[in-house]
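S.K.: Okay, here's the structure, questions in a sec.
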Amino acid sequence: MTTMIAGFTAAALVAAAVSDPAWTASLRSPDGAALAATARVEQLGGDSLRITIDVRGAEPGGSVPWSLYRGRCSALGAVHGSRSAYPDLALDLSGETWEVASVAAPLQAGQTYAVAIGEPGTRPSACGNLEAVVAGRN
């Protein structure tokens, strides 16, 4: 992985109750970088989540890790579920990619969550609030 993307991080938050079936986020870089991403988290029932992420404007080529975390982008906690459930994002020559992860760990009521691109423990370089999908709005 090149040094230009090694510390690259994006995050999104969710504070909605786990009874909501899906959440979405628009991720932006606070430093003005061209990075933009969207994330969707769906509770599939029981102990299963499907997380889809679509990235644009990243450094072309290479790959970066990503995960769903407990907490907010300003204070990321532990990876939610197993880190191995999240395949690295393989960026194409235009700096775009999308990926889907299936995670065997339900969301917990009253918790906040963040989707982050980059190595765990790095400073987020893009954030977006993950909000419950409301019929007709998302």
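S.K.: What full-extension length gain, to one decimal in nm, is calculated for Leu93 and Asp47 as 0.36 nm per residue of separation minus the Cα-Cα distance?
M.R.: 13.0 nm
S.K.: Still on this structure: Which ³J(HN,Hα) values in Hz, rounded to whole numbers, follow from the phi angles of the stretch 70-85 under the Karplus curve 6.51 cos²θ - 1.76 cosθ + 1.60, where θ = phi - 60° and Gly and Pro get x?
M.R.: Whole-Hz 3J(HN,Hα) from phi for the stretch 70-85: 7, x, 10, 4, 7, 7, 5, x, 6, 4, 7, x, 8, 4, 5, 6.
S.K.: Work through the residues other than Val64 whose Cβ is under 9 Å from its Cβ and net out their charges, Lys, Arg +1 and Asp, Glu -1.
M.R.: Working: positive: none; negative: Glu59, Asp88, Glu119.
Charge balance near Val64 sits at -3.
Read the figures in this text as sums done on the coordinates, not as results from a lab. From a predicted model like this one, the values you see are computed outputs, not experimental measurements. No Cβ is skipped: glycine too gets one built from the backbone with ideal geometry, and neighbour counts run over all protein chains shown.
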